[in-house]
Amino acid sequence: MNAQTLIDNPDLSALTAWLSEHADELDADGPAQAELLSRLARSGLFRVSVPEELGGNGQPVSQAIDVIAEVARYSLTAAFVAWGHRTFIEYLLASPNFELAQQWLPALLEGEIAGATALSNAMKYLSGIEDIQIRATPHDDGWRLNGKLFWVTNLDPKGYLVAAIVENGPDHPPSIALLDSRQEGLTRSDNLDLLALRGSSTAALQIDNLTLEPSQIIHPDALRFCPSIRPRFLGLQCGMSIGHVRASLDSISLRARQHNGSYLQPALSALQETLEQHTTALYEGVNNGLFATAPAELFKLRIALAELVQRATNQELEATGGNAYLLDKPTGFGRRWHEAAFIPVVTPSVSQLKGELAKHEDHSA
């Protein structure tokens, strides 16, 4: 099953039609965000690349990346939520605590509860950028948690699950824990005042004396878990860049056809060829396991795709001309311009990845 077949599915076609209608509203924190997760789930998106025995379609993970890319073609807000939710599902699939997957996968696949990755702190901790923000102290058979997560996406007010890294003291490795919005001691802030993607239910979380049971541990050793899950975490995230570039290419191509813009064709062809090369390398790498042993190659692709977003958006601006600045012209460019500004800063940011590559090169020298 290829990506086009997936998108030709009537449920997915209905999703893209809805996203086309509500993309600006989702970007600006309109009421459509209340429907977003259920709309994504209804399309079958969250079942793509999940094992068949667990309710999915059993396809390679590249298919999940490509469907997220197609969502990003219409709305980066929707793709950001889809990435966070689908990546949380990936955590449960990779967890040795299989009971967690049995307990929560059915509701997650149906969009009945939101999944939030919340491992920005973990990725920054592993890169030596910041300390772990949540501390655990032993309590009965489990722990008490205290701390704060400053930026978490897909915190649907109707209910959410959060994967977070937890500091367990000097004698134990940090762990990855599942926090449930119904637990006492977990407080959600108002949505963060973002420049764009305001309908992504992104907020901060305060954790005060939250009781964590052993059954809520996704993985007891974050130092092992995070590197193992990183290829899919980053691979799925790259779908946002791929889809955004596709949207800009669609816009450039339309203007080339409408305005006898043959002069646009060389730049359009170059962008299309570069995107195809990066996408092929990404899909092959996540499917064959290359990035598990060669993470630097994945970092380079994530950076290259982020840079391609900027190139494609700038080319779209040149092709659109003054109409890009007219609000009564439904080009979608203004929204894509703001969306493009998000791609380099989503964790792990381009600057963080460049720092990791520099460390890798120093070690290789």
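Every residue in region 114-157 that is under 18 Å from residue 197 (Cβ atoms) and touching a Lys or Arg at 6+ places or on another chain (Cβ under 7 Å), please.
Within region 114-157, 155 is the sole residue that qualifies.
What are the residues in region 51-62 that are in a helix (DSSP H, G or I) and either at pLDDT below 95 or within 16 Å of residue 94 (Cα to Cα) (or both), if any?
Hits for region 51-62 are 52, 53, 54, 61.
Which residues, taken from region 250-293, are assigned to a loop (DSSP other than H, G, I, E, B) and more than 12 Å from residue 235 (Cα to Cα)?
Of everything in region 250-293, those that are assigned to a loop (DSSP other than H, G, I, E, B) and more than 12 Å from residue 235 (Cα to Cα) turn out to be 259, 260, 261.
Considering region 160-197 alone, what residues qualify as being under 23 Å from residue 75 (Cα atoms) and exposed (fewer than 14 other Cβ atoms within 10 Å of the Cβ)?
Hits for region 160-197 are 190, 193, 195.
How many residues are of a type in the set (Lys, Arg) and surrounded by 14 or more Cβ atoms within 10 Å (Cβ to Cβ) when one looks only at region 322-353?
Number satisfying all stated conditions: 2.
Go through 34, 17, 79, 118 for me and flag whichever is part of a helix (DSSP H, G or I), under 30 Å from residue 186 (Cα atoms) and out of contact with any helix residue (DSSP H, G or I) (no Cβ under 7 Å at 6 or more places or on another chain).
34 is the lone residue from the list that is part of a helix (DSSP H, G or I), under 30 Å from residue 186 (Cα atoms) and out of contact with any helix residue (DSSP H, G or I) (no Cβ under 7 Å at 6 or more places or on another chain).
Can you confirm whether residue 94 is of a type in the set (Gly, Ala, Ser), within 19 Å of residue 215 (Cα to Cα) and outside the structural domain of residue 280 (by TED's automatic domain parsing)?
yes
The values are calculated or read from the model by the stated rules, or taken from the named source; none is laboratory data. Remember, it's a predicted structure, so these values are computed and weren't measured experimentally. Positions of Cβ are backbone-derived with ideal geometry, glycine not excepted, and every protein chain shown enters the neighbour counts.
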